[in-house]
Amino acid sequence: MKITELDDIFDDYDSYKALGEDSYIVGAQHPQNFKQHKKFIIPLFYFDGEEWFKLDINKLGETIFLASAPYTLTTDFKLEELIKVKGVRPNKQLTDDDAYNKENSLTKHITHADRLGVLSEDQLLEIFPGEIDLELHLFHPDKHYYDIINEVYVAQERKFFAQTKEGLIYGPFVGVKTSTEAKTIRLSATGVRKSVEVYELPKDAYLEFNMPEEGLKRKLVRSTQDIEYYIVDTVDFISRQDLFKWAEDQLNKKQSLEVADKVWKAISKDNTITSFHERYQRLEKLFARPQENLQYLQQFVTSLAENDFFKASLDGLQSEKLELDNSIAQQKRERDQIKKESARFSEEIQDLEDGINNLRQNEQKIRESLQKERESAINKEIEEGLSKLEKVREELSDKAEAIELAHTFDNLARINEEIDNARNVKHNLDVSIDALKEEFIQVQEDADKSLKNLLKTKMQFDVFNSASSGQNQLPQQKNDFELKDYSIENETQINSLKDLSQKVHKRLGRLGRNYPDHFIANVLIAMHQNSITLLWGPPGSGKTSLSRFMIQSLARPERFSEIPVARGWSSQKDIIGFANPLSKRFQRANTDLYDLLKQLDGEFKSTSYHQSPMSYCLLDEANLSPIEYYWAAFYSNTDTKAQMDKGIKISLGNNEFIEYANNLRFLGTLNLDSTTEQISPRLLDRSHIVRLDLPKRDVPLISSEIIMPEAYEIPFDSIRDLFDLKDFKQELAPDQLEFIDTELEERFEQISAELSNLGIQISLRTRKAVIEYCNLAHSAMNEQFRPLDYCLAQRVFTRINLQGAEAREGLKTLLDIVKGFNLKDSHAEWTLQKMLDRGAKEGFNHHFYNYFSIDG
């Protein structure tokens, strides 16, 4: 099979049929599995039953996702262990766009637990580099490989090869015992012959690949049959215990033969035996073949041991043996002395080599020191020259200022004279303005009186006219409004939500705002999946400037309305306007929201909204007045989705309506002090509350005066696709929505149950919002639990308003669950910890836990 033919397997949705026990993928766990509890496999090779192929990651994907739950890879496999993957299929739930996957390295394929297995010895043998002590049967692997051999191969009694620095490969072995301190492994031969083969392998005889860990390169062969042509030698690998037993048997055998020889010499001199000629010849033949008759000879010699004649012979043998033993011991002592002398000479040679190396290192250090001194002297001369140059420039600048000052003094008298004349003119104007103000106030009072009289007269006239004609004859007048064409012709190329968040993140970075990229993705998702999103934080945290920047990056100025909320607003007339019953015309509020709504209304009626950009409204200091009052027209439509024949409808009064395609979003900034209104539970159930901290250092404000780059050209249809908006679609009921990631679902259910114990119920609306957010955000955030962390901090924990020691224990349980996310900068963990710290303080707020009290 060629590598190009693998496409047919991995493109087939039902590709499990193409893999199995004989054809499979070899992979390894991703290192993050142990850090973030993720379930990813890195594919390395594919075996089709006969040949190995290195996988093309652009086709299969850089990782394979284990979709089974609650099974995790860390349960049954070590991090370094190679895994057999017997089946994969494309992850259709994520994406079908190959180009998108190449740029973002998303998981294109998934597998399940029942498709994973351990590689058997006839399927894979690994080669580890190190040093082999053939005498003691010890293997000293390179430091990176000890844990792999110990935890995988020794633990599972699996065979492996060892490769020396000379390139020779020995094996196969089984590791039977390890030394953690010395980092050594005791080896044992696997065959009956107690020997191992020595191989010299060319590069095309094995597979080589790099593991994710730094500097770890590994080599594999399928089996000994694949490399039997490369055997260059055979090494006897009998254990020390068996070696000593073998030597003992040989010595016992030799001693018995020597005794038998001496016995025969004695027999041959005995006339009583030699006289029996026939029997003597038979004995001679038996003693001539001692190897074949050793058992009978040993029994014969043992029975003669009681004979005095032979006892004397045996004693002589014992004396000879003692002399031999003494001679052997002396030779051993001499050998040990020679070894010690050799070791001493080796140490002296090593000391000399170390001394030479130290001299070379000192020489190098001296050279480097001299070089640094020279560079330092040159740099010092350059700095002194620059300092002199700067002084000359300052002197020239002072002289230029003196010349300019002289010219200024020449004109000073004339300027003072003009200033005095201007002051006289201003005084005369101030007197005239005061007189006009008094006159205007009087005229206005007179006009108010006249208006009241006219209203009374009109009411009387309306009553009279209604009685006579039965209907109002005043014509209904409409405000003049001209629909503008904002259709996008050259759309900005945005490949994904992650792509958009990275582009906005780079823009913010150039303005000195270094938010994490996942935070930018969070704000984008929140402000598009919800009708209103609120930013909360202490004064100076950059709420307004961040909101303004996010909107200006996505919308033209004509599609952006910034409204400073005033205290005392009580209805939609304060933000939109009201229908004047006298003039039959709509009286706009002191904002430009009415004009924006009329534009959206015209686009819906003309169906031009598909290619028009989104519109946004920023409510600055949104809670100076109750949001539910002045924003009531939009409040009731927060769960409404637009359809082709029915948009979002708002009544303006006097039988006038606005209908738009749900392409308007509101952002609001909150300040929580004695001058602002509280946020009601109903509004908390409908919006994300994004909290900002004070910046760690001074950063520039993103004010309206800053010249911003051109907004991205993104039509409404593309926004709907990027943020998975449900407008113009058949939407599932809230209780039918499911998490894509089952682990997120399990953690969310844990938290929901604990909140229920505390008396806080999560509504179907909130649950639906959390699921939609998490299912979308996983493609833009690299960490598995990051989406759920944001949802808890911004949509769920905002409902916490508890009191008492029992509530504290419940919050601690929630904190333990959230800490299990293992996020470095968890927003949910920070929120719970702040509430617990605040409630632990003695005083008025003791044992009082409220989301909005964490800055108090």
- Verdict on H112 being surrounded by fewer than 21 Cβ atoms within 10 Å (Cβ to Cβ), in contact with an Asp or Glu (Cβ under 6 Å, 6 or more places away or on another chain) and either more than 25 Å from R222 (Cβ to Cβ) or of a type in the set (F, W, Y) (or both): no
- Unique residue being closer than 24 Å to E51 by Cα, of a type in the set (D, E) and over 40 Å from the mean Cα position of the chain (by Cα) when the list is D204, D226, D236, D133: D226
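Could you list, in sequence order, all residues of the range 480-506 that are among the β-branched types (V, I, T) and either in a loop (DSSP other than H, G, I, E, B) or loosely packed, with under 13 Cβ neighbours inside 10 Å (or both)?
Once the filter is applied, which keeps residues that are among the β-branched types (V, I, T) and either in a loop (DSSP other than H, G, I, E, B) or loosely packed, with under 13 Cβ neighbours inside 10 Å (or both), the range 480-506 yields I488, T492, I494.
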- Scan the range 82-92 and give yes if some residue there is within 30 Å of L500 (Cβ to Cβ), surrounded by fewer than 19 Cβ atoms within 10 Å (Cβ to Cβ) and either of a type in the set (S, T, Y) or at pLDDT 85 or above (or both), otherwise no. no
- Quickly run through the range 546-578 and pick out the residues that are in a loop (DSSP other than H, G, I, E, B) and farther than 22 Å from A521 by Cα. V565, A566, R567, G568, W569, S570, S571, I575, I576
- Message: Suppose the filter is over 13 Å from S188 (Cβ atoms), touching a Pro at 6+ places or on another chain (Cβ under 9 Å), modelled with pLDDT under 90 and of a type outside the set (S, T, N, Q); does E121 pass it?
- Response: yes
- Message: Please go through (1) over 27 Å from T638 (Cα atoms); (2) at pLDDT 90 or above for P695 and return the number of the only condition it doesn't satisfy.
- Response: (2)
- Message: If I go through the range 641-662 residue by residue, how many of them are over 25 Å from Q730 (Cβ atoms) and in a loop (DSSP other than H, G, I, E, B)?
- Response: 2
- Note on the structure: If you go through G355, G385, G316, the only one that is on the phi < 0 side of the Ramachandran plot, part of a helix (DSSP H, G or I), modelled with pLDDT under 70 and surrounded by 10 or more Cβ atoms within 10 Å (Cβ to Cβ) is G316
- Message: Checking the structure you have, find out if any residue of the range 179-191 is more than 32 Å from the chain's Cα centre (by Cα), within 20 Å of A28 (Cβ to Cβ) and not in a loop (DSSP other than H, G, I, E, B).
- Response: no
- Task: May I ask you to verify whether E628 is of a type in the set (D, E), in the same structural domain as L534 (by TED's automatic domain parsing) and either in a loop (DSSP other than H, G, I, E, B) or crowded, with 16+ Cβ neighbours inside 10 Å (or both)?
- Result: no
- Restricting the range 508-545 to residues that are touching a Lys or Arg at 6+ places or on another chain (Cβ under 6 Å) and assigned to a helix (DSSP H, G or I), the residue that is surrounded by the fewest Cβ atoms within 10 Å (Cβ to Cβ): H518
- Test set (1) more than 27 Å from the chain's Cα centre (by Cα); (2) surrounded by fewer than 22 Cβ atoms within 10 Å (Cβ to Cβ); (3) not charged (D, E, K, R) - S553 fails condition number: (1)
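The values are calculated or read from the model by the stated rules, or taken from the named source; none is laboratory data. Because the structure is predicted, anything quoted here is derived from the model rather than measured. So basically every Cβ, Gly included, is an ideal-geometry build from the backbone, and we count neighbours across all protein chains shown.
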